Every structure is written in structure tokens, then in C-alpha cells.
Amino acid sequence: MQQESHRGLERRLPLLGSLAYLLVLRGVVSVRLHLDDVGSIQELARRWNNFEGSEIWGLRYVDCMAMEGILCDKDGFVTDIVLQQKGFYAPIPTMISKLQHLRHLSLMFCTLTGTIPDSLFNLTSLSVLDVVGNFITGTVPVGISRLVNLRVLGLGLNQLSGPLDPLSNLPQLIFLHLDQNLFNGSISSELGKLTTLRFLSLKENEFSASIPSSLGNLASLNELTLSVNQLSGTIPDSLSGLHSLTNLNLHTNQLTGAIPESLGALSALKFLELQYNRLNGSIPATLSSLQQLEWLMISGNLLSGSIPAALGDIPLLKYMWLALNQLSGSIPTAIGKLANLVNLDMWNNQLCGTIPTTLHNLSKVQYLALSYNQLSGPVEPIIRGMRSVTDLWSAAECAAFCGLEVGATGPVCGGHGYCLVNPSTGASECVCDPNYMLSSSNSNACVPGAAETFLVSASAYVSLRGSASVLSNGSILLTNGAANQQGAAFGSPAMRLFYFPDKRSRCGTELGFLAAFSFAMSPGGQGEGGEGLAFVVAAGASEKGASVGLGGVGRRSMGVEFDSVLSVKHSDPNDNHVGVNVGGSPVSLASATAPLILNDAQTKHAWIHYDPTSGGTLQVFLSSDPVQPLTPTLTASVSLCSVLKPTASDSLFLFGFLALSSTAPQRLGILSWNFTGVSPVG
């Protein structure tokens, strides 16, 4: 949801603020680069200026302030290097370690590869090391403990693994960002020694076992995020001692036991996110002591008992998610006192009785979900009070929309689906079971049949990006014959690839898909990072791509590239190949030589089949004829569940094409295209 993305930005302010600091200093008086640093900077320029994009630095320096992303002290020594979104495709250069006055090294989203060089840890003045969003592999080196002045460490969105113990010897660390890596096993109890830490985020890794109680020693901590892992055991009581904590995010794990009553002692807490675990017992009334709380997210657990009336005494509460539990009893009338409430979600419990009329006092509510309970009473007076409401999920309203009259009884969506609010349109709709589809005569009923199909036949169903355009014959031109162009076309609206009748399920029921399209690619030059197109399924897409567009769609993406350039740094097999890429990486998970010339300007036909069973299998067929061959060009094992990381509220995905021409002109076009979601076999 949008509010969460805004908070994600705020969490990274220590990193983003450093860049802003650098930009502000662009106006200060110039300083000559110190002779001791000239050689290192010149060598970095020789390496980095040979990669994608315009030249970063010239090779003759006088003014530090004339160099992009560079700051010097009054003596001309380099103190800061801050570069973002560069196509380096190379390891972190070891010559950086010669810049002995360096305090701030930030190379976010620069497509860095390889491991973290041990020589980097000779920079004992370093206070900020930020390499978020690259393709760095290996482990966290033991030598990192030599960075005794380090305050900000950003290693998130890489491919790191191994133990975290080396980090426990960083006495001044305040910000530790390790999201979206490959760390697994237990979270090191040694992290409890980082007593100066204010921000700790380990989300979207593969950590298991229990949360170490030693994290309760981090008395200065403002945010603790351990979500989307495989953590088990109970929530340790020791966390109640984190009196500076404003955000506790443990959602989407396998935590068990009761919600500790001691969490009520976290007086500064604003965001409590415990949804999608296996927590049981009752909701502790002590949560009402959290007078600063804005988000209470405990959906998708096994909680039982009644809703404490004391929850109505949390004055700043905006989001209350209690859905998908086993809560019983009536809705407390005190909930009507939550004047700042925007989202109230209690659907799929065992609540009964009359919907309290006090809810009409919630004038700021925009979303109300009460369906799949045993509630009764009039709905209209409540809605009239909720002047901002846009989506109502009361039992009566949802039933009425999904094929039943208000007050009637019977199966929702014809008995073969469930009711959901479409995030693209804001309207309620039926989501049909696998092997069922919406009736052509009644959009509120699901009938036997295949899943939804998207056929590109008009520009109204396509969202264009960059240089892409639709020709008069309906073809999509991704690049129009000019050099250095980037274009994309995505189907609209997004497609549902995961089905969540049980919201506690990690990936729900994964659907397969069939994509068939024809394309033409004119001859071009041999510039790195261009000359090809990619079919993409992604959670989101940027205006521009990189490396056949795959770098522009984010980590939650899968692409099939049709590439006419040999890129050694991307480990391409040749200059005429098909590859499967995941996570926005330009390096293919699997690749094969194309059985025909891709860039001869002739029409090619492609079919892409994805079967989610047995861990996920993707097959790519390619031919010059419009008849699918019997043998695939490429078969790859890939799980879209693992790559796309869907949730019950985020199961819609974009599908389409990205293309990039290099320094030579090239035309890349999609002549026809259809995409069908299908149920898994068996």
C-alpha cells in the first residue's frame, strides 16, 4: 500500500540524506585534488568511464567540485564518493582503499559484482559504507570489524550469505540494512552487542529459528524489521525493553505463541506489524497503552477471544488489521472513538451481533472490511457517517455485489470464488477459483472455464513507456530506429498470477501462464547493454530499462531475453541467444543459442509456458513459422513464487516487453501478443 512505501523511504533517510548533503555542497568554493589521491581517482576513472552511460570523471583534475559525486576536504583529500545507478558491472575496485581520508562511500544501484574486497577495511575513517542494490556475492568479511568508525552500513538488495557475527564488533554503528539477501539459519545473538544501533532491518532473507532475546539489549533502537523470513518460536519478552522503538515489524514469518502483554510497555511505538504468522491466544488489552500507535497489524494469525474494548482508547490509530483470525464476540462500540482511523479490517473472523452504530463516527475511514462474519444490522447509516469510505466489505454489501441480494443467503460468486477489492479500480469483484471464470452474462458469478486471457489488439490495453509507440496497424514499436533508445510496453490492467482463498498461505495457489507473441528485430551494432528485447513479468516497472531493460523492473521480476549481442561481463553464450533472468539481474539464470537469427528483420514467433508445479518450470519455444515447435529452445527451473514474492494483498503483476538499442540504430517491434493465465495441471 502507498503509505508503506512512503515509510520505506523515510527509513532510508540516513542514506539518502548523505546524498542530499553532497548536492548541497556543490556550491562551496573549489579545492584542488591532493596529489596523493590523484593516481587513485585517475585509475577509478579509467575503469568506470568505460562502462555504460556518459563519462563520470575526466582524467585531468584541478577542481574536486567539478567531479560528479566527489567531495574533498580543505586540503584536497577525497572524503566522499557518492554515485548511484551506474552500469559498472564490475567488482568494487580495490584502489579505493588508497583513499585514506575517505569517510563516505555510497555506490547504490551501480550493478557492482563480485565480493567485498578485504582491502576496503583499511579505510578506518569510513563512517558510511552503502552498496545497496547491487549483485555482490559471498559473505560479510571478518575484516569489516576494522571499520571502528562506521556508523551506516547498507548491504541490502545483494546476494550475500553466511554469518553476521563479524558485524558485532562495530562499536559506533547506528544503521544496519541487510534486506533482500540470502542470509539463512539463525540470526546471530552477537548483534545484541550493537548497543548504539537505531535501525536494524533483515527482512526478506531466509532466517529461521527463533528471534534472539539479545536484541532486547539494543536500547537505542528505533526500528526493528525482521519480516518475510522463516522465523519460528515466540516473540521474546526482552523486546519490551526497547523503549525508543517506533517500528516493530515481524510480519510474514512462522512465529507462534501469544502476543506478549509486555509489548504494551513500548511507549514510543507507532507501527506494530505482526500479520501473517501463527500467533494464538487473545489480543492483549495492554496494547491500549501504546498511545503513539498508528498501525496495528495482526491479521492472518490464529488469534481468538473477543476484541478488547480498550483498543478504542488508542487516539492516533489509523490502521487496524484484525482480519483472518478466529476472533469472536461483538465489535466493541468503543472502536467508534478512533477518530483518526482510515482502515478498519476485521473480515473472516467469527464476529457476531449487530454492527455498532458508533462506527458512523469514523468520518476518516476509507476502507471497511467486515465480511465473512456473522454480523447483522443496517449498513446504510454507518456508510453515511463514513464520508470518505471508498470500499465496503460488510457481509451484506459484499454478498450483494458478488451475486446475492442484500440480506439473502447462499454461495458467494456462485460458490466458486471469493470477493475482493480490485486495487487497480477500487471496486469489489469476484475472484474465481482455478478452472473457473467470470460468466459472460453475469459478472458476479463464476462458471467452469479457463482463466482470464489478455489479447493485445488495441493500444487501449497497453501502457507505453520511453520510446515505445503503437503503429496504425496495431503493432508496438519499442525502439524506432534511433540509437540509445529504451522502450517498454506493458499490458493493462495487471494480471492475477496467485490466488489466495487462504490468506495465511505463503504464496496461495500459484497459476501458470502461456504467452505467445511475434516480433521483429532489425540488424544493429554491437554496443554493450543493447540490441535485444525481453518479455517480462514484474511487480512494477520503471520508465526506462537497462541491459535489455531487465535492470529497470526491480527485484521482483522475471524476464526472457532475446539478445543479439555477446556481453562477456554478463556471461552470455554468444551474440544470438535466449536467456531467463530473475530479480532484475542482467546475468541469465539459464540460456541457450537461438535456433534462428534474431536480428534479421524477419518475423519471429515465440511461446513461453510457465508451469508452477514441481517447483516451477519455464519453457521457451522459438520459430520462424506461426506453429509452435515440439521441442523448446530453452527449459529453466524457476519459481515465480520465490521471485515475485506475492501476498494476499499483492497478487497482481505486470507483463509486457522491454527493449534497448545501443549506439547503433535498431528497430524492435512486437507484431502480435497474447497472454493467458492458466490453472496448474492436477
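The values are calculated or read from the model by the stated rules, or taken from the named source; none is laboratory data. Values in this document were obtained by computation on a predicted structure and should not be read as measured data. Cβ sites come from the backbone with ideal geometry, for glycine too, and all protein chains shown count toward neighbours. Heads up: the accessible areas ignore ligands, DNA and RNA and are worked out on the full protein's heavy atoms, side chains in. Shrake-Rupley method; radii C 1.70, N 1.55, O 1.52, S 1.80 Å.
Key figures for this structure:
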read-out: Given (1) among the hydroxyl-bearing types (S, T, Y); (2) modelled with pLDDT of 80 or more; (3) open to solvent by 10 Å² or more (accessible area, probe 1.4 Å), index of the condition S557 fails; value: (3)
read-out: Hits in the stretch 584-635 (condition: assigned to a strand (DSSP E or B), over 22 Å from I670 (Cβ atoms) and open to solvent by less than 30 Å² (accessible area, probe 1.4 Å)); value: A590
read-out: Options L296, L327, L351, L311; residue that is closer than 26 Å to G241 by Cβ and part of a strand (DSSP E or B); value: L296
read-out: Whichever residue in the stretch 636-667 is hydrophobic (A, V, I, L, M, F, W, C) and modelled with pLDDT under 80 and, among such residues, is surrounded by the most Cβ atoms within 10 Å (Cβ to Cβ); value: L660
read-out: Residue match in the stretch 272-291 (condition: out of contact with any helix residue (DSSP H, G or I) (no Cβ under 9 Å at 6 or more places or on another chain), open to solvent by 30 Å² or more (accessible area, probe 1.4 Å) and farther than 30 Å from S186 by Cα); value: no
read-out: Filter result for E223 (of a type in the set (D, E, K, R) and modelled with pLDDT of 95 or more); value: yes
read-out: Residues satisfying the stated conditions in the stretch 83-102, i.e. touching a His at 6+ places or on another chain (Cβ under 9 Å) and at pLDDT 90 or above; value: H101
read-out: Scope the stretch 329-362; condition surrounded by fewer than 17 Cβ atoms within 10 Å (Cβ to Cβ) and among the hydrophobic types (A, V, I, L, M, F, W, C); matching residues; value: A339, C352
read-out: Search result, residues across the stretch 251-260 that are at pLDDT 95 or above and on the phi < 0 side of the Ramachandran plot; value: L255, T256, A258, I259, P260
read-out: Test for I670: is it crowded, with 20+ Cβ neighbours inside 10 Å, at pLDDT 90 or above and hydrophobic (A, V, I, L, M, F, W, C); value: no
read-out: Scope the stretch 110-161; condition polar (S, T, N, Q), assigned to a loop (DSSP other than H, G, I, E, B) and either buried (at least 19 other Cβ atoms within 10 Å of the Cβ) or in contact with a strand residue (DSSP E or B) (Cβ under 9 Å, 6 or more places away or on another chain) (or both); matching residues; value: T111, T115, S125, S127, N134, T137, N158
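Condition check ((1) more than 27 Å from the chain's Cα centre (by Cα); (2) open to solvent by less than 20 Å² (accessible area, probe 1.4 Å)) across all residues:
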| position | (1), (2) |
| --- | --- |
| L221 | no, yes |
| G233 | no, no |
| D237 | yes, no |
| H243 | yes, no |
